[in-house]
1. Taking just the C-alpha trace of the chain, give me its Rg and Dmax in Å.
2. At what distance in nm do the modelled label points of Val47 and Thr31 sit from each other, each positioned 7 Å from its Cα along Cα→Cβ?
Amino acid sequence: MTLVSGMLYLGDNGRCFCGTLRCAGMSAHFTGRDISGQEVLALTPEVLAADPAAESVRCEGCGKGS
Ligand SMILES: [Zn+2]
């Protein structure tokens, strides 16, 4: 699975990043798995709605919010 640049994801032990190559990194962007091999979690609207704390998450690379 290739990540979508307009979405936010969680991976790398809780790091939040968007789907761009620059922020997600090669591994996550192209394979959907972070460097440790864990599948990244897509912060879909459904996931965000179910977790109020997720509303404030931002990409740690470029600052993009959800
Ligand atoms: Zn970003």
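Derivation of every value follows stated rules applied to the coordinates shown; laboratory data play no part. What you are looking at is a predicted structure, and each value in this text was computed from that prediction instead of being measured. Reconstructed Cβ throughout: ideal geometry from the backbone, glycine too, with neighbour counts over all protein chains shown.
1. Cα radius of gyration and Dmax of the chain are 10.6, 30 Å respectively.
2. Result for the modelled spin labels: 1.8 nm.
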